[in-house]
């Protein structure tokens, strides 16, 4: 049984390595984006609370900011897991990102 799993993993790795030059790092970036979003999704909650607090005050930050943060965290997590699971395939359209505001949570233009 372990040999079968090893063979399946080896075939998957070879398939990805063959596909990478054909898509010029599209699947690799999609995998990185997916893993990044799947790991950093909890940070959406305090970031949105802070953002709403700065623009609208404490009361809205404690209610609307919290809700917005939870909504964005769930969305980023789901999309991150989806992109991680489907990274070898060129959808939703030539490896384009689903989340674009920002594509990565720690986008340098957002800091």
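The values are calculated or read from the model by the stated rules, or taken from the named source; none is laboratory data. Worth saying up front: this structure is predicted, and the values here are computed from it rather than measured. All Cβ positions, glycine included, derive from the backbone under ideal geometry; neighbour counts span all protein chains shown.
Tabulated data for the structure shown
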read-out	value
Pick from the stretch 97-107, criterion touching a helix residue (DSSP H, G or I) at 6+ places or on another chain (Cβ under 9 Å) and surrounded by 12 or more Cβ atoms within 10 Å (Cβ to Cβ), ranking: farthest from residue 48 (Cα to Cα)	97
Residue among 93, 67 that is without any contact (Cβ under 8 Å) to a residue 40 or more places away in the chain and at positive phi	93
Residues within the stretch 76-94 that are outside any loop (DSSP other than H, G, I, E, B) and buried (at least 16 other Cβ atoms within 10 Å of the Cβ), tallied	6
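Per-residue answers, yes or no, for (1) closer than 16 Å to residue 84 by Cα; (2) in contact with a helix residue (DSSP H, G or I) (Cβ under 9 Å, 6 or more places away or on another chain); (3) at pLDDT 90 or above:
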site	(1), (2), (3)
18	no, no, no
30	yes, yes, no
33	yes, yes, no
38	yes, yes, yes
41	yes, yes, yes
